[in-house]
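The values are calculated or read from the model by the stated rules, or taken from the named source; none is laboratory data. Bear in mind the structure is a predicted one, so any value in this text is a computation, not a measurement. All Cβ positions, glycine included, derive from the backbone under ideal geometry; neighbour counts span all protein chains shown. All accessible areas refer to the heavy atoms of the entire protein, side chains included, with ligands and DNA or RNA removed. Shrake-Rupley method; radii C 1.70, N 1.55, O 1.52, S 1.80 Å.
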Amino acid sequence: MRKIKYKKGRKVHSSSLEYTGVHKDTRTEIQLFVYDAHDIKEFQQLVPNNISKSIDESKVNWLNIHGLNEPELIAEIGEKFGADSFIIGDILNTTKRTKLEEYHDILFFNVKSLLPIENSNTISYEQISFILKDNMLLSFQEKRSDFFTYIRERIRINSGVIRTKKADFLLYLLLDAIIENFYITIESEEDKVDQIINLSKTSTKPEVLELIEKHRDNFNFLKRSIIPLRDSLYSIKSMKDDDVFNDIQAENYSFFSRLHQKCLELLEQIESDLITLESASNYFFSAQNQKMNEVMKTLTVVSMFFLPLTFIVGVYGQNFKYFPELEWKYGYFIIWGIMLTIVAVMFVYFKVKKWF
């Protein structure tokens, strides 16, 4: 998992046209949907020169760009719709924190979309940026993915109210799909945490603690990704109250409020999962201590058996010339009998006391 260093990210100036992500071999592809309640046109592999003549300002236009590895092309597309170099720089700089900003008549929104990697304990993320202007929505993805597949299908088959709504409702649906990915990621992490908890009850291997710490880092990463998204969605409410930005219709602000509530639910769930991981960690250390106590108790009991025997051997190991017992015919066997009797009595005593 690539870690987003919000405080120590790469020192890239906002106006510097440099793609900082890892998908540097992904070619830029342009897709355009033009639709209203009665008609739809879809353009695949669109070239920049044909964008302007393919757009119908009387309808909703969704321009989706896959691949950010061609900064000049991204800048050319952004400038067509009034995005300045600062916005283009933020689109290309994937170390940027999730944020919502209003530039004159443009609403800029960038967000991190997360998904679990199959058969792995890591989380993949992709930065997705949006520009909302009039009835035009631009979305910039680092690579081609299936985050919005079902939304495209709803547009094609005219399912629900999506074709009767404006571009702001489309932005809501895309953000909702991204937030659903957070639910998928958290659910995947919770399944793995359940396995770790069961493992911590049967194993005291250090690998268990490593897994606990790994998933704690994953949940903290999720938390750091959701908090700025929550704050950005809350800022949309301020736009409604200020009545300045008019590209979001009044009746659609409630949809963004729902997304804000979802973020709060996700954060609450993450806090609960972190507490569960903390409990698993405490249980692991308790099991380790219990195991160590058992070992120490066993060693102590064994040493107690040999303590009186060592005393007897020490007495008869002294270098005095006259020992009365040395002249006994059966002295050797008597001493052995005494030592075995002492061990037997101690064994019975410890057993009665349940010390082992």
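Select from the stretch 277-287 the residues that are of a type outside the set (G, A, S) and crowded, with 16+ Cβ neighbours inside 10 Å and list them in ascending order.
Correct list: L277, F284.
Go through (1) of a type outside the set (S, T, N, Q); (2) in contact with a helix residue (DSSP H, G or I) (Cβ under 6 Å, 6 or more places away or on another chain); (3) closer than 20 Å to I236 by Cβ; (4) not in a strand (DSSP E or B) one by one and return the number of the condition R154 breaks.
With respect to (1) of a type outside the set (S, T, N, Q); (2) in contact with a helix residue (DSSP H, G or I) (Cβ under 6 Å, 6 or more places away or on another chain); (3) closer than 20 Å to I236 by Cβ; (4) not in a strand (DSSP E or B), R154 is out only on (3).
In the stretch 121-151, which residues are assigned to a strand (DSSP E or B) and over 23 Å from the mean Cα position of the chain (by Cα)?
Within the stretch 121-151, I131, L132, K133, M136, L137, L138, S139 meet the criteria.
Yes or no, residue by residue, for (1) of a type in the set (F, W, Y); (2) open to solvent by less than 10 Å² (accessible area, probe 1.4 Å); (3) touching a Pro at 6+ places or on another chain (Cβ under 6 Å); (4) on the phi > 0 side of the Ramachandran plot:
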residue	(1), (2), (3), (4)
E126	no, yes, no, no
S145	no, no, no, no
S159	no, no, no, no
A167	no, yes, no, no
Y172	yes, no, no, no
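Does R144 count as at pLDDT 90 or above and more than 25 Å from S257 (Cα to Cα)?
Taking the combined requirement at face value, the residue does not satisfy it.
List pairs: first residue in the stretch 95-107 and under 26 Å from F221 (Cα atoms), second residue open to solvent by 70 Å² or more (accessible area, probe 1.4 Å) anywhere in the structure, Cβ distance under 6 angstrom, at least six positions apart or on different chains.
T95/R10
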